[in-house]
Each structure stands twice: as structure tokens, then as C-alpha cells.
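Below: the structure, in C-alpha cells.
The values are calculated or read from the model by the stated rules, or taken from the named source; none is laboratory data. Since the structure is predicted, the reported quantities are computational estimates derived from the model, not experimental observations. Backbone-built Cβ (ideal geometry, glycine too); neighbour counts: all protein chains shown. Surface areas here come from the heavy atoms of the whole protein model, side chains and all, with no ligands, DNA or RNA. Shrake-Rupley method; radii C 1.70, N 1.55, O 1.52, S 1.80 Å.
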Amino acid sequence: MHIYRSQGHDVAALSGIGINVRPGELVGLLGPSGAGKSTLLQLCGGLLTPSAGRLHIGDHNVATMTEAELDRMRAADVGIVLQGAGRNLIPYLTPIDNIRYAQGAAPRDRELPSPEEVLELVGLARQAKAPLGTLTPGQIQLTAVAVGIATFPGLLLADEPTSQLDHQARDEVLAAISTINRTTGMTVLLITHDPDVAAALPRTITIRDGRIASEGRSGEEFAVVASDGSLPLPPHVADLLPPGTLLRVTTTEDGEVRLSPVEQEGSQ
């Protein structure tokens with residue numbers, strides 16, 4: 001759970017979220033603006049502290065870590081690509097120097113990939129020493145991704161990494177992230193509003209009003225039973241059922257669970 005406090009009011013940005021992401025997964029976070037996606041990503045990166053509940057990233061218990069411990073985690077084990085490529089880069093440095101700068105914060109005993117290896121992985125080997133001002137928007141975003149994986153962290157968090165790009169650049173960035181996930185085994189959690197990007201991901205999680213609304217697996221959408229036993233319905237189903245609709249829950253001998261709307265007295 002995470003609560004924002006503003007002007008004397010408490011607003012729960014996330015409530016009852018229960019997500020288990022296995023090592024090496026590539027997962028997309030979907031949902032409307034204000035649903036809580038970016039808050040969840042910032043919690044995973046240690047940029048925010050949970051108001052309640054548990055949050056484990058690998059061996060790290062994020063909810064109990066000190067600021068110094070969180071800094072070390074981000075320097076080595078969690079890569080973050082913020083929305084807006086320029087927020088991740090030093091504008092007067094070349095791609096290769098941006099990577100070297102990011103690697104400078106890593107623990108001295110950590111074995112790091114070469115900057116050239118990182119750039120090769122995202123397809124920017126030829127632009128290694130080019131001024132950022134000469135790169136296309138897609139290449140700048142790829143540079144931001146390269147900085148995010150500069151230490152080959154176990155987890156990459158990417159907030160809208162394909163936004164404001166044309167279709168070709170978008171597909172190149174998505175292909176680079178997929179390559180990173182496939183070849184390094186790096187776990188990737190990314191936010192997207194693009195249905196084409198979402199359709200290309202093996203697993204998606206849709207968040208609405210601070211709760212998990214549904215999950216997608218290989219193009220098929222599923223409802224998810226929450227830890228408190230509640231069952232948010234996928235949007236396309238919820239649209240068919242007005243608030244207050246009574247649903248009869250029945251089970252069959254073969255274990256199927258069926259939800260059937262009940263006609264209420266006085267309804268039209």
C-alpha cells in the first residue's frame with residue numbers, strides 16, 4: 001500500500017496490490033493515468049517507501065531499507081528508465097560516456113559489462129561517441145535504456161519507454177528491451193499506454209484505482225482474485241454490469257466457477 005498525503009487529506013494510490021514477478025520475466029503495467037502504475041514502479045525502485053505491506057526485490061526488503069541501502073540497490077541491482085529520455089541522460093556527454101558515468105556509482109567489487117557491450121546490446125555501437133544532439137528520438141531513448149542497464153542489474157524498470165516515438169522507433173526500442181530480457185535474463189517491468197506494445201508482451205498487469213484489475217497472458221485477459229478475496233472484473237466485463245449488480249456465484253462438478261447476473265425486483 002502507498003498513501004499520498006496532500007493538504008490534510010490521505011489518498012491511497014495503491015491498495016491491496018499483490019504481484020509476484022518471477023526472475024527473468026518481461027511484464028507490462030497497463031491502466032489509465034492516475035491508476036497507480038508509476039507509483040508502483042517508483043516503489044520497486046526504492047524512490048518511494050511503502051506506507052504498509054511488504055515489498056521484496058530479489059534479496060532486498062525495500063520497506064525496511066535505509067536511504068544508503070536504497071542508493072546501493074539502485075546503483076547495482078535495479079536499473080530505472082524514467083519517462084522522458086532526457087531525464088536519464090547528461091546532455092553534454094556521448095552515449096558511451098553516459099554509460100561510463102552510470103557505471104561509476106556501482107560497487108567496486110562488482111563485475112561490469114564494457115560500455116561497448118552495453119551499446120551493442122541496444123543497437124547503438126555506431127553511435128557510441130556521437131553527440132546526443134545528433135541522434136534521433138529513438139536513438140536517444142535507446143541511450144536511456146542503455147544507461148538503465150549499464151551495470152546489468154537484475155531488474156530493469158522502464159516508465160513509458162516507447163512514448164512519443166514513431167512506430168519504427170517504438171518497435172526498435174521494444175525489440176532492444178526484448179533482446180536484453182532474452183539474452184541477459186534481466187527481469188523487466190515496464191509501463192505502457194500503447195496497445196501494440198502491450199500486445200507484444202508475454203504478460204501484462206492492468207491497474208485501476210490502485211488495485212489490480214486484470215492480467216493478460218499471451219493475448220488473453222484474466223480476472224485476478226485479490227489477497228482479500230475480492231475479484232475486480234476486466235474492464236470489458238465490468239462495462240456490461242452496472243454498479244450494484246448482484247452476481248450469483250455457482251460452481252460445477254468439474255470445478256468451473258460461474259458468475260450470473262441476478263434480476264432484481266423493480267429492475268427494468
Residue-level accessible surface for residue 203, protein heavy atoms, 1.4 Å, Å²: 10
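Under a Cβ-Cβ cut-off of 10 Å, what is the net charge of the residues other than residue 77 that fall near it, where Lys and Arg count +1 and Asp and Glu count -1? Walk me through the numbers on the way to the answer.
On the way: positive: 72, 74, 110; negative: 59.
Once all neighbours under 10 Å are counted, the net charge is +2.
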Hydrodynamic radius of the stretch 90-247 per Kirkwood, over alpha carbon pairs, in Å: 17.7
For the stretch 72-174: Kirkwood Rh in Å [reciprocal of mean 1/r, alpha carbons]: 13.4
The stretch 159-259: proportion of alpha-carbon pairs further apart than 17 angstrom, %: 63
Projected-area average for the stretch 189-235 over all orientations - Cα convex hull basis, square nanometres: 3.5
Linear extension gain, residue 49 paired with residue 263, 0.36 nm per residue minus alpha-carbon span: 72.5 nm
Accessible area (Å², 1.4 Å probe, nearest 10) - residue 96: 10
Accessible area per residue in Å² at 1.4 Å probe, computed on the stretch 13-95: 49
Accessible area of the chain belonging to carbon and sulfur atoms, whole % at 1.4 Å probe: 50
Rounded to the nearest 10 Å², the accessible area of residue 186 at probe 1.4 Å: 10
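For the chain, what is the percent of antiparallel DSSP beta bridges, rounded to the nearest 5?
Taking every DSSP beta bridge within the chain, about 55 percent pair in antiparallel fashion.
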Among 247, 47, 156, residue whose mean-square fluctuation peaks in a GNM of the chain (springs only between Cα atoms under 10 Å): 247
GNM result for the chain, Cα springs below 10 Å: residue of 189, 135, 89 fluctuating most strongly: 135
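Given the convex hull of the Cα atoms of the stretch 3-133, what is a quarter of its surface area in nm²? Let's see the in-between values first.
On the way: hull surface 42.3 nm².
For the Cα atoms of the stretch 3-133, the hull's average projected area reads 10.6 nm².
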Among 67, 172, 117: highest mean-square fluctuation, GNM of the chain, C-alpha pairs under 10 Å: 67
